[in-house]
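The values are calculated or read from the model by the stated rules, or taken from the named source; none is laboratory data. This is a predicted model, so every value here is computed, not measured. As a convention, Cβ positions derive from the backbone with ideal geometry for all residues, glycine included, and neighbour counts pool all protein chains shown.
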Amino acid sequence: MQSDAVTSVFLSQPALPHIIHSDKVLVQNVRSFSGHLKATELLLQRKQMVTFSEEIKRCENCQQKSQQTILNSYTTFGSPDLDLRPPSMERETIWMWIQHCPHCGYCSTHIQRPNEFKNDEQKKFDTACWQSLRGAWVCDDSINDDAARKCRLRTLELIDKCLEDGKTLGEQVAITECIQVDILRRIGEFDRALTIISTVLSIALILLQKPEPEEVIVKMLKFQRRLIEANDKRDYTISDAQKMEND
């Protein structure tokens, strides 16, 4: 399916411990999800759609041990958002994507591993983009608009660095621009978003000479343009864009 091709872009991305570790507000919002642990466990065990386990991990930073929740498998239903946030039920597992050491506060996808991203020369901007954007999703769910905006502004800066370094956020043509446009629309930067949309759509005929996924990209950008014209900053899915009638 078309949406599956776009979903795979998100699922293939690694996480970046340094980004969340460097911002206390993101850590606080990630940790807030732990309060829903009991209800989530009951729901997931009853439906048997997500499997996870509890393991003891030693923190690389302070060498103290703590219990961590490990996500083993999940089932996904529905369409990703326009910024490729996964649909339910995967999106409900977001609090398990980052491990947090209760002793020193170190955060990482695997707290027993050293933070390999401290060296700026490695320029892992594509990885950093995803982790920063995921921080925005957590803040959205916590109804923390200020922190969500801060995360999206950071993501935009990282996308610019990513593009300058010749990297993209996926293999599909213009998928990076699609994510960029959605971030800009969500924070109300409509003019910049429209400029990017016009640039990409001006070569739409070239894109459509390639296999199917690029047609999804074009539909997403046209849908974004309609939302901007309506001053709409809400979140929408790729499925919403696909339902839109062709211009």
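A few remarks follow.
- When residues of the stretch 161-182 are limited to those that are of a type in the set (Asp, Glu) and under 15 Å from the mean Cα position of the chain (by Cα), the one surrounded by the fewest Cβ atoms within 10 Å (Cβ to Cβ): Glu177
- Given (1) closer than 24 Å to Asp240 by Cα; (2) at pLDDT below 90, number of the condition Gly135 does not satisfy: (2)
- Any hit, the stretch 72-94, residues being over 28 Å from Ile183 (Cβ atoms), touching a strand residue (DSSP E or B) at 6+ places or on another chain (Cβ under 6 Å) and either without any contact (Cβ under 8 Å) to a residue 24 or more places away in the chain or among the aliphatic types (A, V, I, L, M) (or both): yes
- Residue in the stretch 23-35 that is under 27 Å from Glu177 (Cβ atoms), touching a helix residue (DSSP H, G or I) at 6+ places or on another chain (Cβ under 6 Å) and at pLDDT below 50 present: yes
- Test: residue in the stretch 61-82 that is surrounded by 19 or more Cβ atoms within 10 Å (Cβ to Cβ), aromatic (Phe, Trp, Tyr) and under 30 Å from Gln172 (Cα atoms): no
- Close pairs (7 angstrom Cβ cut-off, 6 or more residues apart or separate chains): in a loop (DSSP other than H, G, I, E, B) in the stretch 222-239, surrounded by fewer than 18 Cβ atoms within 10 Å (Cβ to Cβ) and of a type outside the set (Ser, Thr, Tyr) anywhere: Lys233/Gly188
- Checking each residue in the stretch 81-105 for being of a type in the set (Phe, Trp, Tyr) and either at pLDDT 90 or above or outside any loop (DSSP other than H, G, I, E, B) (or both) picks out only Trp95.
- Test: Glu229 is of a type in the set (Asp, Glu), at pLDDT below 95 and loosely packed, with under 12 Cβ neighbours inside 10 Å: no
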